[in-house]
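Read-outs throughout are calculated quantities, based only on the coordinates presented, and are distinct from any laboratory measurement. Please read these numbers as outputs of a predicted model, since none were measured by experiment. Ideal geometry is used to build each Cβ from the backbone, glycine not excepted, and the neighbour counts take in all protein chains shown.
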Amino acid sequence: MFDIASILFAGATGLLVIGIGGMVLSEHLYRMLLALAIAEAGANLMLVLAGFKWSASAPIITVSVESIPAMVDPVPQAMVLTAIVIGVGVQALALTMIIRIRNAYGTLNMREVKLKMEQEFADMADLPIETRSVPARNDQS
Amino acid sequence: MTGINLNMADMVVILLMGSGLILSLWRFLLGPNAPDRIVAADTLSIIITASLVLMSFWFDNPMYLDVALIYGVLAFIGVVALARAIEKGQS
Amino acid sequence: MHQFSSFLFLGGFLFFLSVLTGILPLGDPPMIIGQAIQNHGVSETGAANLVTAVVLGYRGIDTLGELSILFAAATAGGLVLATGKKKTQASADEDAGFIVKTAAELLFPLLVVAGLYIVIHGHLTPGGGFQGGVILAAAFFLPLLAKPSTTMNHNTMSLVEGFSGAAFIGIGLIGLFNHGAFLQPLLSKGVVGELFSAGTLPLLYLAVGLKVGAELAGLLANLNEEDDENV
Amino acid sequence: MIEWLLFVIVMIMLAGALMAMLMENLLAATVAASIVSLGLTVIFVFLRAPDVAMTEAAVGAGLSSLILALGLKRLGLWKLDVPSTAVKADAQEDGKS
């Protein structure tokens, strides 16, 4: 009834869609960071799946050099290893930016931060805020 | 197809482990407040460590035991950090 | 309107992914470069772990770029977050309970040994500089988690980080001057499967592990400090 | 038989991702995001990628939740939704929330 490949592909697709949907639909900056981590996990899973091979062994020689058994592709695994480590660097950098934003503006809602930022820029340039050419959003959420 | 031959004992182990995972997931989904969910996640991580050791047994390859070791230690540290955050929240 | 366009985008993305999964080569033999690495990787680099052979042997300069990205993130975190303020006795959290303190004392040497094992055996067993570096960072952060009043020596951390980063580039430059390519393997390859084999790959992974561990421990210690304002 | 175990683990991952997006309490959402990397470790081991699995275990389960928990503590968002001394009192309130 279940095919293993379809289960794993469904999991990777679901993680990517949930993560990107959370990033697009959420308004809280911290939750957008969590959504970024989840989308990254889905992308990593899909990359490793692309190099998988049935009934092959891990790409590590254990027995002898002469008779190398069938192995999975090591190139996507190396790429994913790099991606995971860079992902945590990006996560830490984003967290420091979020902490600075909260110290400066006192809120973490994306739209409030944007309004306060535009107010600050307008104050700096001695412009009234209405003359800036930002289209007004009229959605309710 | 998967290259793994399971006997009866392995199936019993899979059944027990799967039911444990489902019960922990149940508590994680329902848990009324945050400490319940953290404890449920800790239980999940312990069962997952056991399943890593089991997969090392199936693949007949002791290299996978390193993954279980690292996972067990670092999940403990993560749970301790979350618990410290809760402690600060209550004082 | 915003929500509607978001859902439209998500639907298109889901369709794109479902098409993509149909054409992904799952279960096929590896791609041509993967096959080439499987055939010649062990004899060219001498490492038993082919992922290590790819990460440090064939793509070593990418690993240098990755290290510089981590360095940029840790430096930005230190610039933004470090307040330089010593924790007073009143503002510091209280110590953890008996169990966490004892576990921290007992786990510290075990974690250091496990991290160094993972780093040094990176070319033989799964693991390597990044994983072992994360474990070392967690080991040096664990006392801070148990007793928040203790502090970490940032000068030693930055010294270790700078020296190991310089060692990585130095090994690469020696290869450049001797053999005409950056990070060209220098020493003899040895017998595959022994500890002292694979040329300079264990030295490179040791440098990577120490650098990643020092950077991440400094980043965690900076995150653990108190804010000056509004907390 | 092993596909059922993988099915359960994929379900746990998807449930963790959904809960991380939907829960009000940010501490619980952080825990839910760490559950995703927990399932991912097992799947990487099954896919014969022990290097990637070890990286995911060290970074995703350990370091990422450490960084996120410390950031939550510093952001001041660690508030629990329910004071734990009054668990019994709001057992009735959970129905409507």
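Couple of notes before you dig in:
- Rg(Cα) / (2.2 N^0.38 Å) computed for chain C, rounded to two decimals: 1.29
- Extreme residue, positive dipole direction of chain C, given options C:209, C:42, C:72 (C-beta unit charges): C:42
- Cα shape, chain B, gyration tensor, a/c 1.5 rule: oblate
- In this structure, residue C:3 and residue C:156 have a Cβ-Cβ separation that, at R0 = 41 Å, corresponds to a calculated FRET efficiency of about 0.20.
- Dipole size of chain C about its Cα centre, with +1 on Lys/Arg Cβ and -1 on Asp/Glu Cβ: approximately 420 debye, rounded to the nearest 20.
- Positive-pole candidate from C:98, C:140, A:11, dipole of the protein assembly as shown, charges at beta carbon: C:98
- Set the Cα radius of gyration of the protein assembly as shown against 2.2 N^0.38 Å, with N its number of residues, and you get 0.99.
- Rounded to the nearest 10 degrees, the angle from helix A:29-50 to the longest Cα principal axis of chain A is 20 degrees.
- Degrees separating the helix A:4-25 axis from the principal Cα axis of chain A, which is the longest one: 10 degrees
- Mean Kyte hydropathy of 0.5 or more with a Cα span along the axis of at least 20 Å, helices from DSSP in chain C: C:2-23, C:60-81, C:98-120, C:129-146, C:154-179, C:201-223
- Placing dummy labels 7 Å off each Cα toward the beta-carbon, the span from residue A:55 to residue C:186 is 4.6 nm.
- Acute angle (nearest 10 degrees) that the helix A:74-105 long axis makes with the longest principal axis of chain A, alpha-carbon atoms: 20 degrees
- Residues in region C:195-221 that a label on residue C:76 would reach, taking backbone N under 20 Å of a point 7 Å out along Cα→Cβ: C:212-221
- Solvent-free Debye scattering, log10 I(q)/I(0), computed from the Cα coordinates of region D:5-61 at q = 0.15, 0.21 Å⁻¹: -0.42, -0.74
- Theoretical gain in end-to-end length, residue B:13 to residue B:26 [0.36 nm per residue, Cα-Cα removed]: 2.7 nm
- Dipole magnitude of the protein assembly as shown, debye to nearest 20 (Cβ charges: Lys/Arg +1, Asp/Glu -1, about Cα centre): 300 debye
- Rounded to the nearest 0.05, the FRET efficiency derived from the C-beta distance between residue C:163 and residue A:100 at R0 = 30 Å is 0.50.
- Whole-number percent relative contact order across region D:26-75, with pairs defined as alpha carbons under 8 Å at least 6 apart: 45 percent
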